[in-house]
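This report concerns only the one structure given below.
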Amino acid sequence: MTPSPQSVLPPTLREALATLGDRLQHGQPSHELNDVLHGLATLPLYLVVRADREIAFAVRWGWSPHRRGSWPGRVLRGSHAATDLLTTTPELAWLFLFDFDGRIREAALEAIQAPPPAPFFFVALAWRLNDWAVPVRAAAVRCCVRVLPGAAPPVAARSALFLLDRRLAWGRWRNERQVLDRVFGQPDVIAVIADLVREGPTGALAACLRHALRYPAIDGHLQRLATKAVQPAVRAVAFRCLIARRATWIEGFTWIWADKIYGIRKRVANLGSRDISVQQPLAALIAQGTLDRSPAVRKVAADALIEFESRVPDAAPLIARLANDRNAAVRARADFMLRRRGKSVP
């Protein structure tokens, strides 16, 4: 097996990993392990997947792609030696999660008894729920049931922003991901998720909100998200749920035949949904949406007025407001309502 010469890790962390790997050739680590764990805790969460192989090489062989002569071709340990190391230094389990040997990954999962201290390690446990080896996935479920409920809400919430979008992208897990749902659906975790979605200026936060709609605890935050979220797309999603009194999310995808003769298929989404309780009147919500600074939200309000005009006591001023909107798509919707009203007049 030949290591890749490319690295996705910062230089200081590469050196710390290589030093730790060299140290493990001769016995127990000391400060080297703390340096590595601290460095990993600060990494972006997407590197859990991209750096998987590099971490494994560095810990097992003391290899760094940027250290000259650091590929000695020696094997650090077998699975029995790894188990011995985990017994004396259980913190090594956070690194052995990335090992090439499924038996070592399984042993690491069984050794972890404390909640993940940072989002990187939370996501690393979730990545093992998607492991290619069935025994490792089973051990990951047991580990997550044991430790994830004790994770600090900010750690779980920041992990959720990454993982909610991966539930449909990672292909091996099925029921295993339900372990994460039990954590992400907790009210204290949802509260932090809602704050992060509301305050975030960038990122696919609207998609995160759509996935989070599966958790009933998010309902109490929708009104604030609809009016206070920084991203217009987030406000639009929240307004759409409040107006429809219904939360909808994607459960998965199914292939259906578009044309069997030519062998053409298309992928369609399987939707989950549930009713939500909203205190604010429908007319007030639509009026509020027409005043939003973003045309994306005003279009949601205009679409709602088209659908529910009969349930809005005095729709004329709202239609007039939309007819003078600076956005052409919003004006087109108001135009439609005016034409519809004109046709209905005898």
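The values are calculated or read from the model by the stated rules, or taken from the named source; none is laboratory data. The structure displayed is predicted, hence computed values, not measured ones. Note that we place each Cβ from the backbone using ideal geometry, even for glycine, and neighbour counts take in every protein chain shown.
Considering segment 234-258, and only residues there that are surrounded by fewer than 17 Cβ atoms within 10 Å (Cβ to Cβ) and among the small types (Gly, Ala, Ser), the residue that is modelled with the highest pLDDT turns out to be Ala258. Applying the criterion of being assigned to a helix (DSSP H, G or I) and out of contact with any Ser or Thr (no Cβ under 6 Å at 6 or more places or on another chain) to the residues of segment 223-233, the residue that is surrounded by the most Cβ atoms within 10 Å (Cβ to Cβ) is Ala226. Among the residues of segment 238-255, those identified as in contact (Cβ under 8 Å) with a residue 24 or more places away in the chain and either under 18 Å from Leu291 (Cβ atoms) or not aliphatic (A, V, I, L, M) (or both) are Ala238, Phe239, Arg240, Cys241, Leu242, Ile243, Arg245, Arg246, Thr248, Trp249, Gly252, Phe253. Quick check, is Ala157 part of a helix (DSSP H, G or I), outside the structural domain of Val136 (by TED's automatic domain parsing), within 22 Å of Cys143 (Cα to Cα) and of a type in the set (Gly, Ala, Ser)? So Ala157 fits the description; yes. Within segment 308-337, restricting attention to residues that are surrounded by 12 or more Cβ atoms within 10 Å (Cβ to Cβ) and closer than 22 Å to Arg246 by Cα, the residue that is nearest to the chain's Cα centre (by Cα) is Phe308. Going by the conditions given, is Gln279 in a loop (DSSP other than H, G, I, E, B) and out of contact with any helix residue (DSSP H, G or I) (no Cβ under 6 Å at 6 or more places or on another chain)? The answer is yes for Gln279. Taken over segment 90-147, the criterion of being over 22 Å from Tyr46 (Cβ atoms) and of a type in the set (D, E, K, R) is satisfied by Glu91, Asp101, Arg103, Glu106, Glu110, Arg142, Arg146.
Residue count for segment 270-297, restricted to those that are within 16 Å of Arg235 (Cα to Cα), touching a Pro at 6+ places or on another chain (Cβ under 9 Å) and not basic (Lys, Arg): 6.
Annotation: Lys343 fulfils all but one of (1) under 18 Å from Leu285 (Cα atoms); (2) at pLDDT below 95; (3) not small (Gly, Ala, Ser); the unmet one is (1).
Check whether at least one residue in segment 132-140 is under 30 Å from Arg235 (Cα atoms) and assigned to a helix (DSSP H, G or I), and report yes or no. Please lay out each step first, then the result.
Pass one, segment 132-140, residues under 30 Å from Arg235 (Cα atoms): none.
Looking through segment 132-140, none of the residues is under 30 Å from Arg235 (Cα atoms) and assigned to a helix (DSSP H, G or I).
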